[in-house]
Structure formats: structure tokens, C-alpha cells
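A short write-up of the structure that comes next.
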Amino acid sequence: MSRPDSIQSRMRRLVVIFCGFMAAIPAVMLVLVLVYNSQYKNLLYNVTTASEFNQDFKENIDLKMYYYVIESRYSEGLPIQEVQAAQALAKDLLDSTSQKDSLRAVTSVLDLCENLEEKIYQIERTRNYDDRQVQLENNVYVLTAMIQEYMYNYLYCESVQLNLLQQQISRQIAAEILLVLVLSGGLILLLVRYSVRLSRSVTQPVVDLSRRAEDVIGGDLTVREPVRSETYELRTLGEGMEQMIARLNAQIQEITQKQASLRKAELALLQAQVNPHFLYNTMDTIIWLIEASRPQAAVEMVSNLSSFFRHSLSRGEDVITLGEEEEHVRSYLQIQQARYKDILEYTIQIDAALRETRLPKLTLQPLVENALYHGIKLKRGKGCIYITSREEGADVLLQITDDGAGMAAARLEELNRAIENGERVGFGLVTVHERLRLLFGPPYGLALSSREGVGTTVTVRVPCQGREDREP
């Protein structure tokens with residue numbers, strides 16, 4: 001694979017291309033010279049055409065008037081169209097002519113054409129043959145001759161003007177070509193000088209940015225003064241790099257703080273698992289079962305207690321599967337049911353398709369413990385704890401419902417507010433909610449609903465199976 005072009009080589013290539021472009025300007029000027037020459041030829045052609053028309057004009061008018069007056073060949077018609085055509089030509093020449101002598105000539109031609117048209121109509125109105133002949137000789141022939149003479153004068157003046165124009169254009173084009181060549185040479189020199197300067201202003205900041213990137217790769221995340229550059233893009237890149245490093249530092253600190261909070265919350269939950277009263281009561285129950293000659297029940301109690309603490313540790317992992325969390329909760333409930341068999345029943349219905357869903361360990365057990373101690377035990381009579389799961393879009397909802405004492409609306413509002421604000425009202429709820437938010441972010445966490453005398457439901461929302469764990 002070929003090595004990518006450096007910035008310097010690209011800049012040199014740009015200079016070469018631009019110089020070639022500037023060298024093309026003289027070629028363009030040559031094309032302009034050819035265009036001017038073509039325009040000149042077209043103008044000369046128009047003058048020649050006007051000359052031929054002038055020559056044909058006198059012959060046509062004189063001949064037609066001769067037939068009309070002398071030979072009385074009225075079918076030939078009056079030559080009014082030729083006169084009107086001459087008038088139109090004179091008006092066009094008048095609009096496009098700027099030289100004084102030519103203007104006087106063409107103005108005279110226009111006046112004579114109008115006079116000739118009037119004289120022709122006068123001959124038509126005259127019935128006497130001799131009078132017609134006199135008018136033809138003294139008016140028409142004289143006017144056509146004068147028109148021809150003035151048109152020749154016009155053509156002469158225009159021809160002289162064309163010659164002068166050609167000389168002027170030639171001198172002007174030569175001067176323009178020389179000027180363009182001089183300017184092009186100067187511009188090329190300035191461009192080369194500017195390109196070299198631009199190349200230096202680009203390459204040095206790029207080298208500095210490269211060294212800065214190497215430092216960052218090596219682990220140096222100290223925020224420094226941005227790389228200085230006269231180029232907007234490089235200056236923006238340098239400032240953006242330093243801002244990125246600053247944000248990276250802030251994120252690292254935030255992640256470190258979140259990790260510390262997670263560890264603190266996990267430690268608190270683990271400490272809560274090793275509740276002396278829970279352990280004492282469980283041991284007392286085991287002793288009572290042994291004294292009551294129920295060794296199998298005692299063995300199951302010890303096995304459940306061992307499973308309970310084993311899942312609490314989870315081999316040091318912070319995030320486990322929903323199946324593992326279910327086993328942990330089941331061990332806890334089996335232990336508690338042995339103690340509170342007269343008041344406690346439970347049902348666990350976890351969808352097998354959701355058992356691989358990932359969630360923080362010690363998520364359900366603190367909620368089940370709350371349901372037992374603050375719901376079932378406060379109710380007179382037997383109660384039941386229901387643990388269910390269901391999929392909702394891209395999330396999994398886990399619900400811990402008890403038909404215990406429930407709580408008043410004011411207490412429910414206080415707990416919901418404490419969960420959202422992180423207030424330490426009800427340790428288990430707030431800690432579990434914080435861990436879910438730290439690990440997955442909003443909108444995951446806990447939601448409470450309760451009715452006094454009816455029961456309480458705690459809903460846990462976590463990402464669905466197959467989604468990547470969101471590390472804080």
C-alpha cells in the first residue's frame with residue numbers, strides 16, 4: 001500500500017496546478033484576439049453589404065421610375081418599397097453610428113429618402129406627361145444621385161473609422177496581453193511565496209498536534225494550551241482536542257465517582273445481608289429443627305443459607321443474570337418461610353426467555369425483604385409475595401407484589417420522592433434504585449405503587465436480554 005501524501009506534497013501540487021492555470025491566461029487572451037478579429041470582419045462585411053445596396057438602390061429607383069413615367073408601364077409599380085428599405089437602412093446606420101462625419105452623411109441620406117418618397121408620390125399625382133418627365137429629371141434623378149453620393153461619403157468615413165479601429169484594437173490587445181503577462185508573472189510569484197508560507201503554517205501545527213496525540217495515547221491527559229495556528233481548521237482542531245481531553249478527564253472522574261458509589265452501595269447491601277438478627281434467627285431455627293428431630297429440614301435450611309450467601313458474593317461479579325438473582329431470592333424466601341410459615345406464602349414466575357437478562361446483584365432480595373417486613377408482617381393473617389416478570393419493548397419489568405398492609409398516599413409520595421432525590425428514607429429502595437441508575441441510566445430504576453390495606457407493588461425496569469451492559 002502506497003504511503004499517503006503529506007500535507008506539504010499536496011500544497012506543492014496545488015501550487016503547480018494553480019501556476020498552470022495562470023499560464024493559461026495568455027492562451028485565453030489569444031482567443032480574445034481572434035474573437036475581436038472576427039467581430040471586425042463582421043463589421044467590414046456589413047459596410048460592404050450597405051455599399052452594394054446603395055449601388056443597386058439608384059439603379060432600381062431610376063429604372064422603375066423611367067418605366068413608370070416615360071414608357072407608362074404602370075404595372076411595374078412605384079419603387080416605394082426600395083425607398084422605404086433605404087430609409088430603414090439609414091435608421092439602422094443612424095442608431096449604430098457614432099462618428100460625426102458618418103452621422104451627418106447618414107442623416108442626410110435619411111432626409112433625402114423622405115424627400116424622394118414625397119417626390120415620387122408627387123409624380124404619381126401629376127397627370128401631364130411633360131410635367132412628369134421634368135419632375136423625374138429634376139427631382140428623382142437628382143435625389144437618387146445625392147443619396148448615392150452621401151452613402152459613398154458614409155462608407156468612406158466608416159472605412160476610415162474601421163481602419164483606425166483596427167489599429168486601435170491591435171494596439172490595445174497588445175498592451176492588454178503584455179499587462180496580463182506581467183500581472184500573471186507577478187501573481188505567480190506571490191502565489192508561490194504565499195503557498196510556501198501557508199505550507200509552513202500548516203505543517204508545524206500538524207506536527208504539534210501529532211505529538212500531542214502521541215502524548216494522549218501514552219496516557220498524558222493533562223489539559224494544555226491549544227496548538228497555535230493561523231489556519232482556522234487547525235486552530236479549531238487543537239482547541240477541540242484540548243476540550244475533548246478536558247471532557248475525558250471529567251468523564252473519568254465521573255466514572256470513578258460512580259464506581260465508588262456502586263461499590264459503596266454494594267458494600268452496604270452486602271452488610272445488610274449479613275444482618276445479625278437474620279443470621280441469629282436463622283441459626284435458632286436450624287437449632288430448633290435439630291432439637292425437634294427434623295434433620296432433613298435443618299439440612300435444607302443450612303443449604304438455603306449457604307446458597308443465599310454464595311449468591312450474595314456472586315464470585316465478585318457486580319452484574320449477574322436474572323436466573324441467578326431468582327435463585328438468590330428463592331433461597332431467602334425458603335429460609336424466611338421456614339420461620340414464618342404461618343403468615344408467608346410466595347410465588348415466583350420468571351419467564352424462562354428472560355433468565356439471561358443482566359442486572360446488578362442484590363436487586364430483588366432487598367425489595368422482597370421490604371415486602372416481608374413492611375407488608376406481610378404488619379398484616380394480620382397470612383400474606384403472599386408475588387414475583388413476576390414480563391417484557392415491555394426493549395425493557396424487562398420485574399414486579400414484587402405483596403398483599404400486605406400497604407401504605408398511605410402520603411407515605412407512598414414520600415418514598416417516591418426519596419427514590420428520585422436519593423434521600424435515605426427506606427435504605428433498600430433508595431440503594432437499589434441508585435445502583436440501577438448508575439449502571440443503566442434513566443429511565444431505569446424503581447417505581448412504587450401502593451394502597452393502604454391492599455398491598456404494595458415495586459416495579460424494577462432493566463434493559464432487555466441481548467442488550468449490551470452499560471458500564472458507567
Is it fair to say residue 141 is open to solvent by 80 Å² or more (accessible area, probe 1.4 Å), within 18 Å of residue 64 (Cβ to Cβ), modelled with pLDDT of 80 or more and more than 60 Å from the chain's Cα centre (by Cα)?
no
Residue 374: passes all of (1) of a type outside the set (A, V, I, L, M); (2) farther than 24 Å from residue 309 by Cβ; (3) surrounded by 14 or more Cβ atoms within 10 Å (Cβ to Cβ) but (2)
Going by the structure shown, is residue 46 of a type outside the set (Val, Ile, Thr), modelled with pLDDT under 70 and open to solvent by 50 Å² or more (accessible area, probe 1.4 Å)?
yes
Cβ-Cβ under 9 Å pairs, at least 6 apart or on other chains, the range 271-297 side farther than 22 Å from residue 361 by Cβ, far side outside any helix (DSSP H, G or I) and at pLDDT 75 or above
288/294
Kindly list, by first and then second residue, each pair from a residue in the range 170-184 that is in contact (Cβ under 8 Å) with a residue 60 or more places away in the chain and closer than 19 Å to residue 37 by Cβ to a residue that is assigned to a helix (DSSP H, G or I) and among the β-branched types (Val, Ile, Thr), limited to pairs with Cβ atoms under 8 Å and residues at least 6 apart or on different chains.
173/33; 177/33; 180/25
Please go through (1) among the aliphatic types (A, V, I, L, M); (2) open to solvent by 20 Å² or more (accessible area, probe 1.4 Å); (3) under 12 Å from residue 69 (Cα atoms) for residue 120 and return the number of the only condition it doesn't satisfy.
(2)
Is there a residue being under 45 Å from the mean Cα position of the chain (by Cα), open to solvent by less than 10 Å² (accessible area, probe 1.4 Å), at pLDDT below 85 and among the aliphatic types (A, V, I, L, M) anywhere in the range 412-419?
yes
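Residues checked against (1) part of a helix (DSSP H, G or I); (2) modelled with pLDDT under 75; (3) open to solvent by less than 100 Å² (accessible area, probe 1.4 Å):
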position	(1), (2), (3)
178	yes, no, no
181	yes, no, yes
188	yes, no, yes
191	yes, yes, yes
207	yes, no, yes
216	yes, no, yes
221	no, yes, yes
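Residues in the range 414-426: is at least one closer than 26 Å to residue 305 by Cα and either in contact (Cβ under 8 Å) with a residue 12 or more places away in the chain or touching a Ser or Thr at 6+ places or on another chain (Cβ under 9 Å) (or both)?
Within the range 414-426, one or more residues are closer than 26 Å to residue 305 by Cα and either in contact (Cβ under 8 Å) with a residue 12 or more places away in the chain or touching a Ser or Thr at 6+ places or on another chain (Cβ under 9 Å) (or both).
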Checking residue 111 against (1) of a type in the set (D, E, K, R); (2) surrounded by fewer than 18 Cβ atoms within 10 Å (Cβ to Cβ); (3) over 19 Å from residue 85 (Cβ atoms), which test does it fail?
(3)
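The values are calculated or read from the model by the stated rules, or taken from the named source; none is laboratory data. Given the structure is predicted, the values throughout are model-derived calculations rather than measurements. Quick reminder, even Gly has a Cβ in these numbers, built from the backbone with ideal geometry, and neighbours come from all protein chains shown. Surface accessibility is based on the protein's heavy atoms, side chains included, excluding ligands, DNA and RNA. Shrake-Rupley method; radii C 1.70, N 1.55, O 1.52, S 1.80 Å.
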